[in-house]
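The values are calculated or read from the model by the stated rules, or taken from the named source; none is laboratory data. What you are looking at is a predicted structure, and each value in this text was computed from that prediction instead of being measured. Reconstructed Cβ throughout: ideal geometry from the backbone, glycine too, with neighbour counts over all protein chains shown.
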Amino acid sequence: MNLRTKSGITLFRNRRSPVAGMKFTMTNEFLASEFLTLFWRRLSKVFVMAWFRCVRFSAGKLALLAIIGVLCGASQIFAQTGAAAALDSIFNVRTAPDAKSMGIFQGSFLDAIRPESPGMQIAFVVDTTESMTGQLAGIKEKIPQVVADLKRATNGKVEVAVIAYADSGQGQKPLVGVKDGFVSDDAKFKTLVENLQPQSGRPYFPEAVDLAVFKTIQELPWSKDEKMTRWLMLITDAPPYDSSFNEPTTQSKRWYETDALVNLANQRGISIHGLLCESRADEKEAFEASVDKLRDFMGQLTSRTGGLMLDLSFSQIKEKVASAAKRPRADFAFVGEITEKDIENVRKSAQDKFGDMKSLRVAVMPHVPWDAMTFYHEEPGVQFATQLRYSLGRLPGIKTVSSRDIESEFLRLKSGPVDQSQWPQALCLRLRADVLIIGDLRVIRDSFDVQSKLYTPKSDTPVAAVAASGTQDVLMASYMKAISETRAAAGPMGLLVKAVNSEQASDLRQFWPGALGKLDAQQKASLISAMDMIEKSLDISVEPSIRVDDLQTAFQLLNPLAKDPEATSFTYTLLASAHYNMAKTQEEIGETNSAKENMQYAIGYLTKAFDGRRELNDRLLQAEIEADYSLLVRKDYAAAVRRYQSITEFSEASLLKMALRAHWMLAGIECGDWGAASSKDFKPSPAAARKQLIDILAFWPESEEARVIHKYMRWNDDNGQTGTPYFPKEGELLLTAN
């Protein structure tokens with residue numbers, strides 16, 4: 001039991017040998033470090049919120065990245081699995097947090113690896129006393145996985161030491177493994193991991209963690225190469241003893257002060273990182289009585305040596321780590337290093353071939369008066385914006401701003417001090433839009449009458465006005481024609497006019513009558529509303545639960561349309577996309593079975609879309625459906641590559657949004673993803689995959705795909721190159737079972 005008194009705290013482990021009269025007094029050191037303890041308590045809270053924000057990250061335009069979720073279960077489950085879950089996720093490029101979203105720490109564990117480092121030495125220093133019994137099995141299982149993750153992340157040699165420690169300095173205790181030094185051989189490494197066996201930590205709850213840290217730093221053969229990454233990973237649930245405590249019989253005492261450990265680590269160029277674990281239930285009272293002391297100790301060790309600390313005693317962090325660990329692990333393909341020079345060479349080659357390449361960023365506001373502005377999908381003015389955004393996004397050189405970004409920036413603007421007359425120009429600047437389209441819409445029976453004004457960042461008055469009318473199936477053709485008649489010759493409006501006069505725009509004028517012509521007014525509204533929901537579901541900056549709700553709404557809108565005997569191929573295409581996005585979301589939060597089930601629905605609707613693709617008056621959409629069908633249904637990888645390549649032929653000249661997705665899918669296939677690695681008739685090409693990734697970085701540097709490439713390949717802005725040559729194969733995670 002734990003005895004709290006005015007003069008100190010007595011901490012004993014349950015059922016320990018009766019050195020019962022010995023008192024572990026914390027008063028002196030507690031008073032001396034009261035300020036630091038409070039500081040680290042607040043710092044830990046900041047880290048909780050930082051972790052809460054940052055573990056959202058994940059993959060691709062159609063693929064959604066999300067690892068936020070709620071893991072249901074009692075706290076004892078977390079206590080048994082916390083360290084294993086953390087080790088499973090924080091070193092994996094798919095689930096590690098974003099470097100720029102870590103709040104006070106400004107980095108994840110992976111980002112603590114020095115990019116110029118030729119290799120890495122890491123010493124795992126693990127508390128193996130009884131209170132850690134529930135954690136040890138998971139730690140032993142995950143350490144080899146961590147090493148594999150680090151080898152990919154560093155693209156260099158990784159040497160490992162595994163140190164087990166307990167309470168006193170007697171016999172084998174507190175250290176096992178120091179004499180083995182660092183190893184890189186897998187067989188020897190396996191032996192080191194097996195050394196992590198439970199030991200007695202009696203009679204007191206505190207441990208000789210300070211001695212373990214000191215000897216690990218002092219006695220291991222650390223490299224003297226200044227560029228080498230040197231880590232000490234401390235995993236424990238108990239603090240060191242108070243400075244005044246000294247019990248000669250068991251040699252239980254404070255061996256080294258925190259300042260001495262920090263100074264020694266800094267002298268050797270060693271960063272100390274830490275996982276603060278929860279104790280087993282039997283030691284709950286002792287743990288809770290000393291956890292602030294442990295936070296202070298580990299917090300100082302890590303922050304003052306350039307390391308990071310993950311406090312698994314916080315429920316929010318445990319939940320996020322557990323959620324991240326539920327995500328299935330992907331295999332990786334070697335694609336090679338990518339540098340800024342590679343990207344610039346591709347851009348220059350395209351410019352030499354096609355001339356000056358320009359793109360236009362367009363934001364379309366719901367066509368609703370400012371004072372009544374809404375983003376609700378059933379509002380006709382919102383549906384018009386969705387339809388126009390989809391149409392413009394399929395034109396050469398046009399990049400559209402997402403509806404969710406527009407909504408969030410508008411709400412911020414509305415709540416601020418900017419005068420309403422300046423809102424258009426302010427939105428242009430906030431959204432980084434070259435053209436902002438605002439306006440009003442009136443519904444007369446089934447017909448729409450649209451009045452739009454177009455703004456640019458440099459003008460506080462409209463640069464053009466566009467008017468169009470008609471039913472939703474012909475409205476876009478009328479609107480595009482009106483844009484082309486604005487007679488703009490240069491600047492953003494000149495680029496917009498050029499895009500609406502392109503060959504792809506001609507296809508779109510025929511596309512909407514085919515996609516909507518058979519539907520009544522309510523069905524048209526449902527289909528376009530579903531498009532808005534599917535687009536919103538692609539925004540990885542929001543909680544997965546919100547995206548799931550968006551997709552459920554899309555299903556509710558589209559399923560009745562799909563049951564109609566005359567359902568259009570476009571309806572099936574949207575359902576295939578919605579189910580695929582749902583599958584990716586579920587995979588990312590660890591709901592693997594549901595993810596695979598939704599993937600099968602996606603393939604089923606893709607098959608129906610393929611059967612009716614000829615009715616779509618859009619050659620590029622037909623090509624995309626045929627490519628997806630070859631890949632996912634026929635598993636004819638060579639045919640899929642040819643079809644996707646036919647779409648990418650437009651990319652350098654026109655920067656088509658569809659070409660972006662084609663490059664992404666080609667990169668996956670050439671990595672061996674989607675089952676391509678096991679095909680007898682197709683040989684993936686890492687060099688070809690690398691080329692597709694470079695094209696994405698060159699022509700769509702602000703895209704979600706580019707951000708994922710940067711994350712997964714650990715792009716470093718300082719030296720302008722990737723930190724790892726590996727890229728994950730995520731698609732096959734959805735295809736491993738029917």
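If the condition is being acidic (D, E) and either in a helix (DSSP H, G or I) or surrounded by 14 or more Cβ atoms within 10 Å (Cβ to Cβ) (or both), then the range 522-561 contributes D532, E535, D539, D549, D550.
Which condition from (1) farther than 18 Å from A208 by Cα; (2) in contact with a Leu (Cβ under 8 Å, 6 or more places away or on another chain); (3) assigned to a helix (DSSP H, G or I) is the one that A324 breaks? In the conditions (1) farther than 18 Å from A208 by Cα; (2) in contact with a Leu (Cβ under 8 Å, 6 or more places away or on another chain); (3) assigned to a helix (DSSP H, G or I), A324 misses (2) alone.
Okay, residues lined up against (1) buried (at least 17 other Cβ atoms within 10 Å of the Cβ); (2) hydrophobic (A, V, I, L, M, F, W, C):
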| site | (1), (2) |
| --- | --- |
| V364 | yes, yes |
| W370 | no, yes |
| M373 | yes, yes |
| T386 | yes, no |
| S391 | yes, no |
| R394 | yes, no |
| I398 | yes, yes |
| S403 | yes, no |
| L411 | no, yes |
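The helices (runs of 4 or more DSSP H) found wholly in the range 610-687 and carrying at least 1 residues that are modelled with pLDDT of 95 or more, closer than 23 Å to F699 by Cα and not aliphatic (A, V, I, L, M) occupy 619-629, 637-648, 657-670. Selection of the range 675-689 for residues being touching a helix residue (DSSP H, G or I) at 6+ places or on another chain (Cβ under 8 Å) and not hydrophobic (A, V, I, L, M, F, W, C) yields G675, S679, D681, P684, S685, P686. Under the condition of being in contact (Cβ under 8 Å) with a residue 60 or more places away in the chain and crowded, with 22+ Cβ neighbours inside 10 Å, the residues counted in the range 596-611 number 1. What are the residues in the range 179-192 that are surrounded by fewer than 19 Cβ atoms within 10 Å (Cβ to Cβ) and either of a type in the set (A, V, I, L, M) or not assigned by TED's automatic domain parsing to the domain that holds G156 (or both), if any? Selection gives V183, A187. Once the range 292-306 is narrowed to residues that are on the phi < 0 side of the Ramachandran plot and in contact with a strand residue (DSSP E or B) (Cβ under 8 Å, 6 or more places away or on another chain), the residue that is surrounded by the fewest Cβ atoms within 10 Å (Cβ to Cβ) is S303. Take R614 and tell me if it is crowded, with 20+ Cβ neighbours inside 10 Å and among the basic types (K, R). Here the answer is no, as R614 does not meet what is asked.
Within this structure, L301 passes the test of being in the same structural domain as A148 (by TED's automatic domain parsing) and more than 27 Å from the chain's Cα centre (by Cα). Working only within the range 405-441, note down all residues that are farther than 16 Å from D460 by Cβ, among the aliphatic types (A, V, I, L, M) and free of Cβ contacts under 8 Å to residues at least 60 places away in the same chain. Within the range 405-441, I406, L411 qualify.
Only a single item in (1) free of Cβ contacts under 8 Å to residues at least 12 places away in the same chain; (2) among the acidic types (D, E); (3) in the same structural domain as Y376 (by TED's automatic domain parsing) is not met by D507, and it is number (1). State whether the residues of the range 566-578 include one that is under 24 Å from the mean Cα position of the chain (by Cα), of a type in the set (G, A, S), more than 23 Å from Q383 (Cα to Cα) and in a helix (DSSP H, G or I). No. Mind telling me which of the residues L519, L508 ends up being outside any helix (DSSP H, G or I), among the hydrophobic types (A, V, I, L, M, F, W, C) and either over 14 Å from L392 (Cα atoms) or out of contact with any Leu (no Cβ under 7 Å at 6 or more places or on another chain) (or both)? Just one listed residue meets the conditions, L519. Filtering L508, L519, L496 for residues that are hydrophobic (A, V, I, L, M, F, W, C), crowded, with 16+ Cβ neighbours inside 10 Å, over 23 Å from P380 (Cα atoms) and out of contact with any His (no Cβ under 6 Å at 6 or more places or on another chain) leaves a single hit, L496. Within the range 275-289, the only residue that satisfies the criterion of being acidic (D, E) and under 32 Å from the mean Cα position of the chain (by Cα) is E278.
Taking the numbered list (1) surrounded by 22 or more Cβ atoms within 10 Å (Cβ to Cβ); (2) more than 30 Å from K157 (Cβ to Cβ) in turn, A667 passes all entries but (2).
Selection within the range 413-433: residues that are in a helix (DSSP H, G or I) and among the polar types (S, T, N, Q). The member of this set that is surrounded by the most Cβ atoms within 10 Å (Cβ to Cβ) is Q425. Against the criterion of being modelled with pLDDT of 85 or more and touching a helix residue (DSSP H, G or I) at 6+ places or on another chain (Cβ under 6 Å), D311 qualifies.
Residue-by-condition table, conditions (1) touching a residue at least 12 places away in the same chain (Cβ under 8 Å); (2) farther than 25 Å from D717 by Cα; (3) of a type in the set (S, T, Y); (4) in contact with a strand residue (DSSP E or B) (Cβ under 8 Å, 6 or more places away or on another chain):
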site	(1), (2), (3), (4)
P248	no, yes, no, no
E283	yes, yes, no, no
L308	yes, no, no, yes
E337	yes, no, no, yes
I343	yes, no, no, no
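Report yes if E587 is in a helix (DSSP H, G or I) and surrounded by fewer than 22 Cβ atoms within 10 Å (Cβ to Cβ), otherwise no. No. Just the residues that are aliphatic (A, V, I, L, M), in a helix (DSSP H, G or I) and buried (at least 19 other Cβ atoms within 10 Å of the Cβ), please, taken from the range 327-357. I343, the sole residue that qualifies.
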